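Here is the structure we will look at, set down as structure tokens.
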Amino acid sequence: MKLKFTKMQGLGNDFVVLDGINQAITLDREQIRKLADRHFGIGCDQLLLVEKAEGQADFRYRIFNADGGEVEQCGNGARCFVRYVHDHGLTQKNEIRIETLSGVISPHLEVNGNVTVNMGKPIFEPEAIPFIAEKRALTYPLELPGQPVTISAVSMGNPHAVRVVPDVDNAPVDTEGALIESHPRFPKRVNVGYLQVLGRTHIKLRVFERGAGETLACGTGACAAVVVGIDLGLLDHQVKVSTRGGELTISWQGNDEPVWMTGPAVTVFEGEINL
Ligand SMILES: N[C@H](CCC[C@H](N)C(=O)O)C(=O)O
């Protein structure tokens, strides 16, 4: 099967984007893993599928991690999604509503080329994350081989565990991140963020992503980290998030207010692959 694709990236978090409207696409887990493979396929952190909306939204937005698993949300991908549908003539709108497994989000193309997305509101109830805990708390002890660690847990539609650390550049992201990602108290596994507070309006962040490993940036991870930082009283309402791939601006007014994310979305190349 010949498949047209577009390679895109948001702060180095990279995507293979497929038009599922003008080409009939059914991919199994193994085919997704192959497309995402950086040696035997195209290579990406996530594969994004553009489909017709089922409800009132403009499009349906499906997200698959490099391990082939379909997930609920992807922030950097949402910015690339609106750039893609605009550039490929699938819409003339600058602001669109896209339905995901975790609800509708609305990315907006800014005149300066950045994209702002209403990422919806954070969810802290453990059973909705999902995370196994007696009750909602600001932080939780999490048993690991060796000594336990302290995390916060929140959902941005997808699950996030966030650790506040003094120095992200020396944090055990690959080793400890992998242990937390598949910890039994996260029944659907979890994205693991390492947050360093540089000031009340600036943090540094690294994320070991569920189903992909450490990425250069994680949009929902940046939202989760800022929300946790605000909840812990460490951050103000608008924060610059410095990731290895560049900077995001995240803002949250608290309580049931949505989280807003602003950042870039870049097309790298168009291609075609025989699958
Ligand atoms: N690995 C994530 C999906 C991609 C999220 C990330 N790339 C973003 O920009 O939000 C998960 O399994 O929930």
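Of all residues in region 97-106, none are charged (D, E, K, R) and touching a helix residue (DSSP H, G or I) at 6+ places or on another chain (Cβ under 9 Å). Selection over region 127-150 of residues that are within 19 Å of the chain's Cα centre (by Cα), more than 24 Å from Trp260 (Cβ to Cβ) and either more than 16 Å from the ligand (Cβ to nearest atom) or open to solvent by less than 20 Å² (accessible area, probe 1.4 Å) (or both) gives a count of 1.
Taking Asp45, is it at pLDDT 95 or above, within 25 Å of Leu3 (Cα to Cα) and open to solvent by 30 Å² or more (accessible area, probe 1.4 Å)?
In short, no.
Scanning region 54-90 for residues that are among the polar types (S, T, N, Q) and in a loop (DSSP other than H, G, I, E, B), we see that the one that is farthest from Ile25 (Cα to Cα) is Gln56. For region 52-65, filtered to residues that are open to solvent by 30 Å² or more (accessible area, probe 1.4 Å) and closer than 17 Å to Val16 by Cα, the residue that is farthest from the ligand (Cβ to nearest atom) is Arg60. The set of residues in region 74-102 that are over 17 Å from Gln9 (Cβ atoms), within 16 Å of the ligand (Cβ to nearest atom) and open to solvent by less than 10 Å² (accessible area, probe 1.4 Å) contains only Ile98. Among the residues of region 219-251, those that are open to solvent by less than 10 Å² (accessible area, probe 1.4 Å), within 16 Å of the ligand (Cβ to nearest atom) and not aliphatic (A, V, I, L, M) comprise Gly219, Thr220, Gly221, Cys223.
When region 13-42 is limited to residues that are among the β-branched types (Val, Ile, Thr) and within 15 Å of the ligand (Cβ to nearest atom), the one that is surrounded by the most Cβ atoms within 10 Å (Cβ to Cβ) turns out to be Val16.
Screening region 189-213 for residues that are part of a strand (DSSP E or B) and within 11 Å of the ligand (Cβ to nearest atom) and picking the one that is nearest to His237 (Cα to Cα) gives Gly193. Listed conditions (1) in contact with a Phe, Trp or Tyr (Cβ under 6 Å, 6 or more places away or on another chain); (2) assigned by the TED database to the domain that holds Cys218; (3) of a type in the set (Ser, Thr, Tyr) are all met by Thr100, apart from (2). The set of residues in region 3-12 that are open to solvent by less than 10 Å² (accessible area, probe 1.4 Å) and within 17 Å of Asp37 (Cβ to Cβ) contains only Leu3.
The values are calculated or read from the model by the stated rules, or taken from the named source; none is laboratory data. Nothing here was measured: the structure is a model prediction, and the numbers come from that model. Virtual Cβ from ideal backbone geometry, glycine too; neighbours counted across all protein chains shown. To get the accessible areas, we keep the full protein, side chains included, count just its heavy atoms, and leave off ligands, DNA and RNA. Shrake-Rupley method; radii C 1.70, N 1.55, O 1.52, S 1.80 Å.
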